[in-house]
Each structure stands twice: as C-alpha cells, then as structure tokens.
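Quick notes on the structure that follows.
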Amino acid sequence: MTEINGTLLAQEIKKEIAEEVLKITNEGKRPPHLAAVLIGEDPASQVYVRNKVKSCEEVGFQSTLIRRDAAISEEELLGIVDDLNRNSEIDGFIVQLPLPRHINEDRVTLAIKPEKDVDGFHPVNFGRMAQGLPCYLPATPCGIIEMMKRYNISAEGKEVVVIGRSNIVGTPIALLLSQKSNPGNGTVTICHSRTQNLREHTLKADILIAAIGRANFVTADMVKEGVVVIDVGINRVDAPETKRGYKLAGDVDFAGVAPKASFITPVPGGVGPMTVVSLLLNTLKANRKEIYP
Ligand code: GUN
C-alpha cells in the first residue's frame, strides 16, 4: 500500500511554480496576481482564503484580499466583480463560497469573466472542460489529475467509481477520467444519494473517488483488494481531547480501507493541499494568457 503524500507533492509543485515566476519577473514582467473576495466571517472560508493568500506569497505571486461584511448587497458584490473583471493588473480572481443567503451565488459566478475565472466555476469553463477544450479546471479535479499523473496512476480501461455528483468535484472528475486523455480512458460510474446497492458498484472499483461529505462513509467491506482510493472529504468530527475540540476526517475509513488499497490519500494531507496548488497553476495560466490568448 502506498499512502499518497499530497503535502509533499504540493510543495514540489509550488517550487516549480516559483521557478516559473522568477522567469517571468526576470523578463521584466509583473508576477501573476490573484485576488480573493471573502464575504462575512465563515470560519472555514477564512481558513481557506488565508491559505490561498499565503500560498501566493510562497511562490512569489501578488495577491489581493478583498473583505466585506456579510451585510453587503448583491449589487455591491457584483460591482466588486465588475471592477476585478476590468482590472488589467489582476490575472484571475475567486469569490469564496458559500456566500450569505441573500446573495445569489449563480448570479455572482456568471458575472465573473471566464478569462479570469481561475476557480473554473463559470459555465463557459465547465463547457470547455466537458468538450476537452483548454479551460481552467476546478481546483479539486485538477488536483486529483495532477496527483494521478505524478504517481503514475492510470485510469485506462479501469473501472472508476465516483461517489458524489457536485458541479465542482464529482461531475467534472467523472468527465475528465472518461475522456480520451491522460489520466483518462476509464469506464466511469457516478454514484449518488439515490444510487441503489452502492456497495455493488464500489466493489467493482479499480479507482474509487469519494466526494460525499460524510465522515468515514466508505468502509473496508465496500472495496476490493488493490483499489486506488482518492478521498476528497474534509469533515469535522468531535474530538474533545484536542485543543480545537474537533479533528478532520475524510469520507473514507482510512484505518479499515488502507490495508486493502494499492494507493490511498489520507485526510488531512492528501487531496486538500493539491487544491490550492491547482488555483496557483490556473493563475499562472491566466498570467500567460494560455487558455484565452
Ligand atoms: N468554497 C469551498 N471550496 C471553494 C473553492 O474552491 N472556491 C471558492 N470560490 N469557494 C470555495
């Protein structure tokens, strides 16, 4: 069994990005610039955004954090998006989700110019992805693909089972791994909350991707020997013995499943660190105008 080290891989890729940034600045150009919009005080969102800004600094990107109170109106937020769309000093930006309930997330996502949508959430980028055209991939699928490439995990001819059908993880990773690409060419099944006999499906999986959002949902009796397990879950579970009072758990019961797996990602330290790297890779592409010349 190989435990995939997402933390180490992310460090390696950040080093590569930092070298690319040096090349850009040595040519006398400005470094890539990412802006993040954070609305309100959601604790998890604050941690994620802080992490994104910190990662920008590590690789030599410029970053701008725009923070506003949760009471901001939708019109005001759309005004900020419009300014960022027009600002030629900013290569790409993200609006951290979830947004306060009075704001329509779809309206905000649609207002972001696809050229600057480094989250890959805009339907133009999703559509381009679905057709195998150059696009910004959403962070989690992009991180999984990069991880598979670097660990030489091929999906070709394999049974791939994805649990979860969200627009930002389950559906895109299922599409990508079924496409004629590397790592693709898999035979992909998407399972979800209405799937009957889930275990019958997961037992067939050569590659199992868990993106359900329920701690320790996938247990040893649901997988076969030699399975590759990619755990996308980040769930908080009570842990009174810890300082924070909680710890992070994936969607997979790691202790039970790992002995049967050929490769498995831990939580934390698996897919998570790779998602921030994906955002950096997209911002680098935006700076070079690689996707939209
Ligand atoms: N909330 C949770 N994950 C993400 C992400 O990747 N991007 C944005 N904008 N919000 C999120």
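Tabulated data
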| quantity | calculated |
| --- | --- |
| Within the range 41-54, considering residues that are exposed (fewer than 13 other Cβ atoms within 10 Å of the Cβ) and part of a helix (DSSP H, G or I), the one farthest from the ligand (Cβ to nearest atom) | LYS54 |
| Selection status of ASP91, farther than 26 Å from GLU290 by Cα and of a type in the set (D, E, K, R) | no |
| Residue within the range 126-137 that is closer than 20 Å to GLU20 by Cβ, buried (at least 17 other Cβ atoms within 10 Å of the Cβ), within 15 Å of the ligand (Cβ to nearest atom) and modelled with pLDDT of 95 or more present | yes |
| Of the criteria (1) within 15 Å of the ligand (Cβ to nearest atom); (2) outside any loop (DSSP other than H, G, I, E, B), which one GLU57 fails | (1) |
| Enumeration of residues in the range 270-293 that are among the small types (Gly, Ala, Ser) and in contact with a strand residue (DSSP E or B) (Cβ under 9 Å, 6 or more places away or on another chain) | GLY270, GLY272, ALA286 |
| Segments classed as helices (runs of 4 or more DSSP H), wholly inside the range 176-293, with at least 2 members that are away from the ligand (no atom under 16 Å from the Cβ) and of a type in the set (A, V, I, L, M) | 254-257 |
| Pair list, Cβ < 6 Å and 6+ apart or interchain, from the range 96-107 residues that are of a type outside the set (Asp, Glu) to residues that are modelled with pLDDT of 95 or more and more than 13 Å from the ligand (Cβ to nearest atom) | PRO100/ALA70; ILE103/GLU74 |
| Residue, farthest from the ligand (Cβ to nearest atom), within the range 1-40, restricted to residues that are exposed (fewer than 13 other Cβ atoms within 10 Å of the Cβ) and outside any helix (DSSP H, G or I) | GLY28 |
| Selected residue [over 26 Å from ALA10 (Cβ atoms), charged (D, E, K, R), more than 13 Å from the ligand (Cβ to nearest atom) and in contact (Cβ under 8 Å) with a residue 12 or more places away in the chain] from LYS113, LYS149, LYS158 | LYS113 |
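Quick grid of which residues meet (1) β-branched (Val, Ile, Thr); (2) away from the ligand (no atom under 14 Å from the Cβ):
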site: ASN85; (1), (2): no, yes
site: ILE90; (1), (2): yes, yes
site: LEU99; (1), (2): no, no
site: ASN104; (1), (2): no, yes
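The rows are residues; the columns are (1) in a loop (DSSP other than H, G, I, E, B); (2) out of contact with any strand residue (DSSP E or B) (no Cβ under 9 Å at 6 or more places or on another chain); (3) more than 23 Å from ILE17 (Cα to Cα).
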site	(1), (2), (3)
LEU97	yes, yes, yes
PRO100	yes, no, yes
LEU110	no, yes, yes
CYS142	no, yes, no
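Results for (1) touching a residue at least 60 places away in the same chain (Cβ under 8 Å); (2) within 24 Å of ILE168 (Cα to Cα), shown as yes or no for each residue.
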residue: VAL218; (1), (2): no, yes
residue: ASP221; (1), (2): no, no
residue: GLU225; (1), (2): no, no
residue: ASP238; (1), (2): no, no
residue: THR242; (1), (2): no, no
residue: PHE254; (1), (2): no, yes
residue: THR265; (1), (2): yes, yes
residue: GLY269; (1), (2): yes, yes
residue: MET274; (1), (2): yes, yes
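The values are calculated or read from the model by the stated rules, or taken from the named source; none is laboratory data. Since we're looking at a predicted model, the values are computed, not measured. Using ideal geometry, Cβ is built from the backbone for each residue, glycine included, and neighbour counts are taken over all protein chains shown.
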